[in-house]
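Asks: Below is one structure. I have some questions about it.
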Amino acid sequence: MHVISLQSPCLNSTSPEDWTDTVADNPTEDARQHALDQFLAGVERRAYVMAEMATRNRDEALDLVQDAMLAFVTSYGKKKPASEWPPLFHRVLQNKLRDWGRRQTVRRRWQVWLKGDDDAPEADPIQQAADPAGRSPEQRVSLDNASDALLMAIGELPLRQQQAFMLRSWEGLDVATTAKAMGCSAGSVKTHLSLAMAQLRDKLKGHW
Amino acid sequence: MNDRSPFDEAARQALDTRAEGLDGATLSRLRQARVTAIEQGTRRHRWFSHWVPVTGALATAALLAMNLWHDQMPQPAPELALLESLVGDSVLPSSTQPDPEFIEWLARPNGAV
């Protein structure tokens with residue numbers, strides 16, 4: 001039985017060649033398990049940041065990443081070649097994030113319906129959520145750090161626009177792969193990305 | 001994507017910095033999530049790969065056995081079964097006993113008295 005290392009490598013310390021070579025050179029179950037561990041170790045931080053941006057909640061983000069890892073290992077880890085893992089993992093993760101977004105929408109509707117407060121403007125729990133970095137609203141307003149402002153602006157994008165932006169601009173996926181990961185058409189990806197860029201440029205006028 | 005705009009580059013750097021600067025508690029939870037996912041995923045896959053074929057084979061064998069047993073059961077002749085059902089259920093009232101003379105008359109060739 002292969003013992004999984006608890007030593008987390010630094011970000012990007014495992015290149016794709018590492019885990020694909022592991023499986024190609026030694027296609028046993030232990031080698032595959034080791035390759036899965038290496039692969040997930042290489043993507044876990046970025047997956048968490050994506051989930052945190054979407055949920056703005058550390059615990060929810062961690063739960064979503066764990067769910068995505070488990071679903072990925074169960075559905076694809078043993079069946080698909082290692083070279084196909086990255087887009088498949090992104091698809092699983094983005095599905096989890098989209099499901100989470102739908103649940104939030106339903107929960108919000110129920111809350112509005114149960115409270116019967118039709119006159120009040122609908123409160124967006126995402127907008128109401130505490131800042132993950134623990135900043136007060138005043139601190140957020142007076143942010144002069146361009147990176148922080150950028151991260152905050154990305155976090156405020158609607159979920160689908162955020163997904164399109166992160167997958168295209170951060171992960172560097174092409175339009176077709178992004179569409180596959182998001183479960184939509186290439187045209188929708190371009191629309192989401194265009195809207196996201198317009199919003200980001202508008203919000204970050206003072207920085208760029 | 002070599003034609004990155006300065007904005008794309010800045011976004012990538014900001015997100016990379018965020019990912020690299022995760023605190024120890026979060027990294028520990030991520031590590032634990034990874035280990036759990038691999039262990040549970042592998043266990044579930046093993047359970048599936050062992051038990052699904054066995055269960056499928058047993059179900060198929062049971063179906064085949066039932067089919068064979070059903071084929072070997074003595075079946076009543078279709079005409080007799082039909083006659084029984086007609087006589088028993090619909091043609092004659094349930095209280096009426098079959099009349100031997102009537103049955104004998106039925107069995108005679110046409111025209112015989």
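The values are calculated or read from the model by the stated rules, or taken from the named source; none is laboratory data. Values in this document were obtained by computation on a predicted structure and should not be read as measured data. Because the Cβ atoms are built from the backbone with ideal geometry, glycine has one as well, and the counts that use them run over all protein chains shown. Surface accessibility is based on the protein's heavy atoms, side chains included, excluding ligands, DNA and RNA. Shrake-Rupley method; radii C 1.70, N 1.55, O 1.52, S 1.80 Å.
Asks: How many residues are surrounded by fewer than 17 Cβ atoms within 10 Å (Cβ to Cβ) and at the interface with chain A (Cβ under 7 Å from one of its Cβ atoms) when one looks only at the stretch B:13-25?
Replies: Total satisfying the criteria: 2.
Asks: Just one of A:Gly187, A:Gly155 is open to solvent by less than 70 Å² (accessible area, probe 1.4 Å), over 18 Å from the mean Cα position of the chain (by Cα) and modelled with pLDDT of 90 or more; which is it? Spell out the reasoning first.
Replies: Numbers: A:Gly155 fails: over 18 Å from the mean Cα position of the chain (by Cα).
When all the criteria are applied, what remains is A:Gly187.
Asks: Can you tell me how many residues within the stretch A:60-118 are within 21 Å of A:Cys184 (Cα to Cα), away from chain B (no Cβ under 14 Å) and either hydrophobic (A, V, I, L, M, F, W, C) or in contact (Cβ under 8 Å) with a residue 12 or more places away in the chain (or both)?
Replies: Going through the stretch A:60-118 one residue at a time, the tally reaches 11.
Asks: Examine the stretch B:9-17 for a residue that is among the aliphatic types (A, V, I, L, M) and modelled with pLDDT under 70, and state whether such a residue exists.
Replies: Taking every residue of the stretch B:9-17 in turn, none turns out to be among the aliphatic types (A, V, I, L, M) and modelled with pLDDT under 70.
Asks: Additional query: Taking the conditions exactly as written (modelled with pLDDT of 70 or more, assigned to a helix (DSSP H, G or I) and out of contact with any Leu (no Cβ under 8 Å at 6 or more places or on another chain)), does B:Arg43 satisfy them or not?
Replies: Considered against the rule, which asks whether it is modelled with pLDDT of 70 or more, assigned to a helix (DSSP H, G or I) and out of contact with any Leu (no Cβ under 8 Å at 6 or more places or on another chain), B:Arg43 comes out as yes.
Asks: Would you say B:Ala65 is assigned to a helix (DSSP H, G or I), within 11 Å of another protein chain (Cβ to nearest Cβ) and modelled with pLDDT of 85 or more?
Replies: The answer is no for B:Ala65.
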